[in-house]
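The values are calculated or read from the model by the stated rules, or taken from the named source; none is laboratory data. Everything quoted here is computed from the prediction, not taken from an experiment. Neighbour counts run over all protein chains shown; Cβ positions are idealised from the backbone, glycine included.
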C-alpha cells in the first residue's frame with residue numbers, strides 16, 4: 001500500500017529569499033553533501049534538529065517547509 005511522500009520546500013524557499021546553499025550550510029554548520037540530499041528530497045529519515053534550524057533560519061512554520069503528498073489512487 002502506498003501512503004504518499006514527504007517533500008521539503010528548501011530549494012523554493014532559498015530561491016524566494018535569495019540565499020545560496022553555500023551560505024545556509026555555512027551559517028547552520030550543515031555538511032553540503034547532506035544538505036544537497038535534503039534539497040533533492042533524497043532521504044529516508046528527517047533530522048528533527050535540522051528541520052528546527054531550517055524553520056528558524058528561513059523564518060517559516062513547519063508546514064511552509066514540509067509538504068505531505070497523498071498517493072494518487074486514494075486507496076486506504
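Residue 32 - would you say it is modelled with pLDDT of 95 or more, surrounded by 10 or more Cβ atoms within 10 Å (Cβ to Cβ) and under 30 Å from residue 2 (Cα atoms)? Taking the combined requirement at face value, the residue does not satisfy it. Within the stretch 17-32, residues that are at positive phi and assigned to a helix (DSSP H, G or I) have Cβ atoms under 7 Å from residues that are surrounded by fewer than 11 Cβ atoms within 10 Å (Cβ to Cβ) and at pLDDT 95 or above in no pair, counting only partners at least 6 apart in sequence or on another chain. Restricting 56, 68 to residues that are surrounded by fewer than 13 Cβ atoms within 10 Å (Cβ to Cβ), modelled with pLDDT of 95 or more and outside any helix (DSSP H, G or I) narrows the list to 68. Test residue 11 against the stated conditions and say whether it is surrounded by 13 or more Cβ atoms within 10 Å (Cβ to Cβ), assigned to a loop (DSSP other than H, G, I, E, B), under 11 Å from the mean Cα position of the chain (by Cα) and touching a residue at least 12 places away in the same chain (Cβ under 8 Å). So residue 11 does not fit the description; no.
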